[in-house]
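First up is the structure itself, then whatever we jot down about it.
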Amino acid sequence: MNVTDGTHVTDGTHVTDSAHGAHGVTTLKPSRLSLADTLRVGAVGLRARRARVVLSALGIAIGIATMVAVVGLSQSSKSDLMAKLDRLGTNLLTAEAGKDPLGQEVRLPKEAVAMVERIGPVRHATATADVDARIRRSDVVPEERTAGVTTQAARTDLLEALNASVARGGWLTEVSERLPVTVLGAVAADRLGVTVPGEKIMMDDEYVVVVGILDPVELVPNLDRVALVGFPAAEKYFDFDGHPTTVFERSSDAAVEDVREVLARTVSPGSEGSVKVSRPSDALAASAAADKGLTTLMLGLGAVALLVGGVGVANTMVISVLERRAEIGLRRALGATRNAIRLQFLTESLLLSALGGAAGAVLGTAATYGFALAQGWTPVVPPWSLTAGFGATLLIGVTAGLYPAVRAARLHPTVALSVP
């Protein structure tokens, strides 16, 4: 080393005027790199090997993108589901006739709806009933080919109770419920090939006119696969006995559980054990729980991808140490400390991981917005998912770079500069 003026030496080693020993020996102290210099030195190695850097960062990017997208899509789906539940309401209960202990079908009383309406907290009650009528597109279609569509009788206030809507055409009225007309569920219309109101289909040997097609009924999806007729028309044309099969009721949210306890014995006194009472919104809640399980699985896959990316970063850094032995030896010979070498390679590893993490966050956010908008959801990317992704990136960077950094710092200048 060359001392220039008694206080400074080359390659970052300096002497202070007070740093003299008892015998007049000068003590040299190594200089320290600033943060800006550390980042600049760390970035030099990355710029020199751009293709390898991109490939190594890709593994980190895939892992972070997967985790951000999975969390974002899960939250977007949940947000859409909660908005749907708020719109549809969670205060709808259904009472459905089942079988008695002897296996015989239980028939609900014709007055079941009126009986339910007498329960204090009940605000609205209506019903549907199964009708024994085969449905065909026309008389040239064999009777056994029903297209998977069944017939049900419905009251005129059904849509109001279910918060359902008509996509095309109209709904049953006090006049049309007595006529041979029908309203098709969304799936039923598709299976029968009916696209517009006014077309005719066959129920048994009777032609009926389609007056409307429903939007999907989210709370009661089985109605999507049925053809609905009025109670009076079902009795007149299809020998329907007038007994409802399913009763729907709405009450205040606070009274739902109280109504649920008495609903079965109200609609079927004496055989309440054969009546199934359920809340349709519970199915949507169960769907949210299933989505949570799937989200956990996908997060696990993202963590595996992130681990693979970390191994790639570690491999890249180890190879970088082997290729740059001469550089390390030269820096050590010029006065760089082991800590400086360790810091250099740790910085490179952190920058490499951060590059992949930033790219992954952008890709995951873009994927979330793209898929959510395509599904008609409101995109939601929780800030904590980005923060967690960045934290995971830094952890991967430190873990992957620690061994190569220590290995580089242990290289003796003479060994590093020697020609193999």
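The values are calculated or read from the model by the stated rules, or taken from the named source; none is laboratory data. Keep in mind that what you see is a predicted model, and the values were worked out from it rather than measured. Cβ: placed from backbone, ideal geometry, glycine included. Neighbour counts: every protein chain shown. For accessibility, only protein heavy atoms count, side chains too; no ligands or nucleic acids. Shrake-Rupley method; radii C 1.70, N 1.55, O 1.52, S 1.80 Å.
In region 368-402, what count of residues is obtained for those that are under 20 Å from Gly63 (Cβ atoms) and either assigned to a loop (DSSP other than H, G, I, E, B) or open to solvent by 50 Å² or more (accessible area, probe 1.4 Å) (or both)?
Our first condition is that a residue be under 20 Å from Gly63 (Cβ atoms); within region 368-402, this holds for 368-371, 381-402.
After this cut, where a residue has to be either assigned to a loop (DSSP other than H, G, I, E, B) or open to solvent by 50 Å² or more (accessible area, probe 1.4 Å) (or both) as well, the list is 369, 371, 381-384, 386-388, 390, 394-395, 398-399, 402.
Of the residues in region 368-402, 15 are under 20 Å from Gly63 (Cβ atoms) and either assigned to a loop (DSSP other than H, G, I, E, B) or open to solvent by 50 Å² or more (accessible area, probe 1.4 Å) (or both).
Give region 208-237 a look and list any residue that's open to solvent by less than 20 Å² (accessible area, probe 1.4 Å) and either aromatic (Phe, Trp, Tyr) or over 16 Å from Glu160 (Cβ atoms) (or both), or say none.
Of all residues in region 208-237, those open to solvent by less than 20 Å² (accessible area, probe 1.4 Å) come to 208, 210, 212-214, 217, 219-220, 223-224, 226-230, 233-234.
Correct list: Val208, Val210, Ile213, Asp224, Val226, Ala227, Val229, Ala233, Ala234.
What residue, among those in region 385-405 that are within 19 Å of the chain's Cα centre (by Cα) and modelled with pLDDT under 85, is farthest from Thr66 (Cα to Cα)?
So in region 385-405, the residues within 19 Å of the chain's Cα centre (by Cα) come out as 385-389.
Filter once more, keeping what is modelled with pLDDT under 85: 385, 388-389.
On the way: Ser385: 11, Ala388: 13, Gly389: 10 Å.
Applying the filter and picking the extreme gives Ala388.
Yes or no, residue by residue, for (1) touching a Ser or Thr at 6+ places or on another chain (Cβ under 7 Å); (2) without any contact (Cβ under 8 Å) to a residue 40 or more places away in the chain:
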residue	(1), (2)
Leu307	no, no
Gly312	yes, no
Gly335	yes, no
Phe345	no, no
Ala354	yes, no
Ala374	no, yes
Val380	yes, no
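Can you tell which of Ala167, Ala129 is in a strand (DSSP E or B), over 36 Å from the mean Cα position of the chain (by Cα) and either touching a residue at least 40 places away in the same chain (Cβ under 8 Å) or surrounded by fewer than 15 Cβ atoms within 10 Å (Cβ to Cβ) (or both)? Working first, answer last.
Numbers: Ala167 fails: over 36 Å from the mean Cα position of the chain (by Cα).
Checking each option against the conditions leaves just Ala129.
Which of the residues spanning region 255-272 are small (Gly, Ala, Ser) and either open to solvent by less than 20 Å² (accessible area, probe 1.4 Å) or touching a residue at least 12 places away in the same chain (Cβ under 8 Å) (or both)? Before the answer, list the steps.
Of the residues in region 255-272, the ones small (Gly, Ala, Ser) are 255, 264, 268, 270-271.
Ala255, Ala264, Ser268, Ser271 - these are the residues of region 255-272 that are small (Gly, Ala, Ser) and either open to solvent by less than 20 Å² (accessible area, probe 1.4 Å) or touching a residue at least 12 places away in the same chain (Cβ under 8 Å) (or both).
Residue under question is Thr146, and the condition is that it be modelled with pLDDT under 85, among the polar types (S, T, N, Q) and either touching a Gly at 6+ places or on another chain (Cβ under 7 Å) or not in a strand (DSSP E or B) (or both); does it hold?
Details: modelled with pLDDT under 85: yes; among the polar types (S, T, N, Q): yes; either touching a Gly at 6+ places or on another chain (Cβ under 7 Å) or not in a strand (DSSP E or B) (or both): yes.
Here the answer is yes, as Thr146 does meet what is asked.
What about Ala189, is it over 24 Å from Ser274 (Cβ atoms), of a type in the set (A, V, I, L, M, F, W, C) and either out of contact with any Phe, Trp or Tyr (no Cβ under 9 Å at 6 or more places or on another chain) or open to solvent by less than 40 Å² (accessible area, probe 1.4 Å) (or both)?
yes
Suppose we filter region 242-254 for residues that are in contact with a Leu (Cβ under 7 Å, 6 or more places away or on another chain) and either farther than 20 Å from Asp157 by Cβ or crowded, with 21+ Cβ neighbours inside 10 Å (or both); how many remain?
So the count comes out to 5.
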